Amino acid sequence: MSKSNRQNTSYKISFLDRFKMAISLHKKNAASTLLDVLRHPTNSLLTILVLAIALALPTAFYVFSSNAKAISSNWSGGVQMALFLKDNVSQEQRAELVQELSFRPEFKEVVLVPKEEAIEEFKQQSGFGDALDYLAENPLPDSIILTPYDTHSAADMLEQLAQELEQNPMVDLAQLDMAWIQRYQAILEISQKIGTFVSILLAFGVLLIVGNTIRLAILNRRDEIQVIKLVGATDAFIRRPFLYTGFWYGLIAALLAALMVNIVLLLLLRPSSTLAELYNSGFSLMGLEPNQTLTLLAIGAGLGLFGAWFSVSKHLKDIQPT
């Protein structure tokens with residue numbers, strides 16, 4: 001009898017084949033978990049709504065804060081400096097000073113207001129026109145209104161600039177009227193810090209909600225996880241569907257949050273336009289831009305994914321086959 005030599009043949013899987021298999025598994029898990037979320041809306045609707053509200057609140061605050069900044073930037077003449085000239089300044093000296101200021105890089109607009117125009121404007125706006133006609137002479141001085149560029153509109157820069165211009169022998173007083181703008185910006189800064197703190201708390205809340213939801217899902221499938229671990233399933237294989245579930249929760253909640261914010265802004269669009277018209281302003285309420293919406297979706301999906309990963313990593317190791 002002749003003996004036949006048995007030869008063991010080993011098969012090696014190439015990196016490309018492994019990559020294709022991984023992509024196929026990811027596609028299968030992503031599709032199956034999305035279908036599970038959509039097939040059982042009663043189980044997931046409440047969680048998604050809570051997540052959407054938690055994401056919508058800081059998003060709405062960010063949008064309204066951006067609109068508040070836009071309002072301050074659109075105020076015509078919001079940051080201005082007034083130079084009141086001395087009475088002994090001649091017209092030629094006044095014109096030279098206006099030309100000199102026009103060449104300075106700090107100012108985008110230099111407007112001369114003669115005292116004749118100033119008194120007429122004061123008569124119209126004050127309501128004391130008849131009484132002012134009895135004055136022997138015009139008490140108002142010539143003035144120059146300076147509007148700085150945005151790059152030179154910081155409070156400390158303008159204060160230094162006002163002190164410098166006040167040293168000019170033709171200038172009697174340099175007045176910088178921006179205290180109300182500083183108060184408005186201070187309120188905005190405080191509001192932004194509060195909004196950032198609340199946003200961090202709500203993001204932490206999203207993580208807890210997703211983590212608790214995934215924890216319940218793991219406990220409900222405890223027996224199934226023990227069985228597949230007995231047949232050799234790895235933790236990565238078991239973890240993947242739960243991660244996709246958290247991802248879909250966060251993404252769908254972010255979509256719903258963007259929809260909520262846009263609906264609120266749409267409802268406020270007409271009243272805000274009416275209010276702007278009353279103040280002779282062309283301001284229009286701005287909604288979520290496409291890049292901001294994509295950022296919101298990425299944040300929602302990322303929080304859902306991280307919350308699921310944290311929960312799975314914590315509870316999966318406690319389930320061992322018996």
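So, R0 is 35 Å and r is the distance between the beta-carbons of M286 and I145; what FRET efficiency does that work out to, to 0.05? Please report the intermediate quantities before stating the final value.
Numbers: r = 29 Å, r/R0 = 0.84.
It comes to 0.75.
Count Lys and Arg as plus one, Asp and Glu as minus one, and take only other residues whose Cβ is under 12 Å from that of Y244; the net charge is then +3.
3J(HN,Hα) couplings calculated from phi for the range 254-266 with the Karplus curve 6.51 cos²θ - 1.76 cosθ + 1.60 (θ = phi - 60°) are, in sequence order, 5, 4, 5, 5, 4, 5, 4, 5, 5, 5, 4, 5, 5 Hz; Gly and Pro show x. At an R0 of 22 angstrom, the distance between the Cβ atoms of Q185 and K108 translates into a FRET efficiency of 0.65.
Each Lys or Arg adds one and each Asp or Glu takes one away; over the other residues whose Cβ falls under 12 Å from the Cβ of S284, this sums to 0. Exceedance of the 25 Å cut-off in Cα-Cα distance is limited, within the set K27/K229; K69/K108; K69/K115; K193/K314; K108/K193, to K69/K115; K193/K314; K108/K193.
Computed from the coordinates by the stated procedures, all read-outs in this text should not be read as laboratory data. Everything numeric in this text was worked out from a predicted model, so none of it was measured. Methodologically, a virtual Cβ is constructed for each residue, glycine included, from the backbone with ideal geometry; neighbour enumeration extends over all protein chains shown.
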